[in-house]
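Structure, as structure tokens:
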Amino acid sequence: MKAKKRVMTTSAGVPTPKRTPTVRKIKPAWVGPSSVSSATTSGKRPTTTRPGEVGADPARGMDPIAALGIGDVAGSASPDGLRASRAGIDAGMVDLSVDLGRGLVLENPVMVASGTFGYGVEYGEVVDVERLGAICCKGTTLRPRQGNRPPRVTETPAGMLNSIGLQNPGVDAVIERYAGLWAGWRVPVIVNVAGESIDDYVAVVRRLESVPGVAGVELNISCPNVGKGGLQFAIDRDAAAAVTRAVRAATDLPLIVKLSPNVADVRPIAQAVADAGADALSAINTLSGMALRADRTGPFLGNTYGGLSGPAIKPVALRIVYEVAQVVDIPIVAIGGITCLDDVLDYLAAGAVAVQVGTAIFADPTLPIRLVDDLRAECASRGLAAYGALVGTALPQRPGPPVSKGAEYRP
Ligand SMILES: Cc1cc2nc3c(=O)[nH]c(=O)nc-3n(C[C@H](O)[C@H](O)[C@H](O)COP(=O)(O)O)c2cc1C
């Protein structure tokens with residue numbers, strides 16, 4: 001595919017040309033000056049390894065925990081670790097930037113999840129949106145959609161069920177109403193795209209291509225594939241790969257594909273999607289569920305079924321991130337029940353390089369920004385100049401050299 005110039009804007013609204021690379025970026029990469037913690041910076045550690053492989057010696061196999069210097073930051077007797085903590089790190093100096101591929105570089109790894117933050121503009125009064133890592137806007141389809149019959153949401157223990165049904169004004173209206181605003185923001189806006197056929201997805205993405213203010217797309221593949229009799233793209237490896245491949249061929253925009261938890265084993269799907277050209281994966285979308293009316297005369301939701309989200313799904317999402325991180329070598333964005341810094345740290349340890357906050361925003365829209373500050377403070381308190389050392393620490397040791405599929409892209 002021919003390389004194109006993509007225009008991003010700075011906070012001052014000044015266009016900054018960014019060259020879109022023709023090669024796929026291969027690694028989750030935090031893009032700080034050192035790319036690894038000061039506690040672990042030895043000048044030898046590669047920055048192009050997958051999470052959990054930082055500092056791995058291909059000849060000897062991997063010991064992620066040792067390689068990441070987690071013993072150091074936890075206060076072990078490592079001289080490097082002790083030096084770093086004695087030196088102290090100013091929280092303001094901690095580098096939280098992350099490269100999700102194809103030039104999509106976030107200032108920090110805390111994003112807001114699709115469907116829970118509107119188009120970003122709705123929260124302008126209460127949240128300094130520019131401080132977010134990125135905004136994933138509401139699911140966007142080719143034509144306007146009314147969404148499902150009400151009731152469309154209900155609370156559940158430790159979560160909520162929603163069956164909004166992708167209500168949205170359609171891609172043309174989204175571009176017309178919001179893209180101009182987004183173009184003036186420093187925070188990248190990623191458009192969440194949905195469709196009922198491959199042609200739908202491709203048509204939406206084609207319209208988004210080259211629109212200033214659109215920094216990337218996230219494919220919501222948890223949609224019924226009309227051509228396959230309503231079977232979700234996300235639960236069928238071939239269909240997931242096919243839609244990813246078609247979208248990849250249609251756009252140079254950074255492409256994140258969002259995985260569904262509603263499968264027995266998500267790994268083959270994640271691999272197929274990565275092989276089909278996704279720059280990054282996000283995991284997970286909601287879990288299929290339902291609730292009954294109070295009198296138990298039938299389903300509560302107008303659509304019968306809804307998507308479960310919130311803290312209730314975190315263990316499922318954590319398991320999926322952990323599994324997927326071991327089979328793909330592209331960045332993983334974790335989503336599911338994040339309400340506090342510990343959740344973020346868990347997902348990073350399981351191999352994600354970024355996170356999205358969803359349902360918790362309804363209770364506290366300022367949470368994502370606080371998590372950015374908390375993560376920065378956490379790194380500083382551990383003597384880390386960047387958060388890369390927190391990534392992949394819970395992954396099992398993997399024998400053999402790091403997987404490599406091409407050249408790393410660095411903006
Ligand atoms: C009300 C609501 C609407 C959502 N709409 C979308 C959507 O349009 N597209 C999508 O990919 N995910 C959508 N999601 C799923 C979220 O982006 C996220 O994947 C999920 O809620 C899990 O994260 P959480 O537990 O932090 O909410 C929606 C979730 C909620 C609660």
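The values are calculated or read from the model by the stated rules, or taken from the named source; none is laboratory data. The model shown is predicted, which means the values in this text are computed figures rather than measured ones. Don't worry about glycine lacking a Cβ; one is built from the backbone with ideal geometry, like all the others, and counts go over all protein chains shown.
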Residue in segment 273-304 that is nearest to the ligand (Cβ to nearest atom), counting only those that are among the acidic types (Asp, Glu) and in contact (Cβ under 8 Å) with a residue 24 or more places away in the chain: Asp279
All but one of (1) in a loop (DSSP other than H, G, I, E, B); (2) surrounded by fewer than 18 Cβ atoms within 10 Å (Cβ to Cβ); (3) modelled with pLDDT under 95 hold for Pro212; state the number of the condition that does not hold. (3)
For Lys138, which of the numbered conditions (1) within 13 Å of the ligand (Cβ to nearest atom); (2) farther than 22 Å from Arg206 by Cα; (3) charged (D, E, K, R) fails to hold? (2)
Away from the ligand (no atom under 13 Å from the Cβ) and either charged (D, E, K, R) or touching a Ser or Thr at 6+ places or on another chain (Cβ under 6 Å) (or both), is that true of Gly124? no
With the first residue restricted to segment 305-321 and required to be in contact (Cβ under 8 Å) with a residue 60 or more places away in the chain and hydroxyl-bearing (Ser, Thr, Tyr), and the second required to be in a helix (DSSP H, G or I) and more than 7 Å from the ligand (Cβ to nearest atom), Cβ contacts under 8 Å at 6 or more apart or on different chains are none
Filter result (free of Cβ contacts under 8 Å to residues at least 60 places away in the same chain and farther than 22 Å from Gly388 by Cα) within segment 120-149: Glu122, Gly124, Glu125, Val129, Cys137, Lys138, Arg143, Pro144, Arg145, Gln146, Gly147
Please specify each residue of segment 313-345 satisfying the condition of being within 13 Å of the ligand (Cβ to nearest atom), touching a helix residue (DSSP H, G or I) at 6+ places or on another chain (Cβ under 7 Å) and either of a type outside the set (A, V, I, L, M) or assigned to a helix (DSSP H, G or I) (or both). Lys314, Leu318, Val321, Gly336, Gly337, Thr339, Asp343, Val344
Based on what the data block shows, is Leu161 over 21 Å from the mean Cα position of the chain (by Cα), within 13 Å of the ligand (Cβ to nearest atom) and not in a loop (DSSP other than H, G, I, E, B)? yes
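Quick one: which residue in Ala158, Ala91, Ala173 is surrounded by fewer than 17 Cβ atoms within 10 Å (Cβ to Cβ) and in contact with a Cys (Cβ under 9 Å, 6 or more places away or on another chain)?
Ala91
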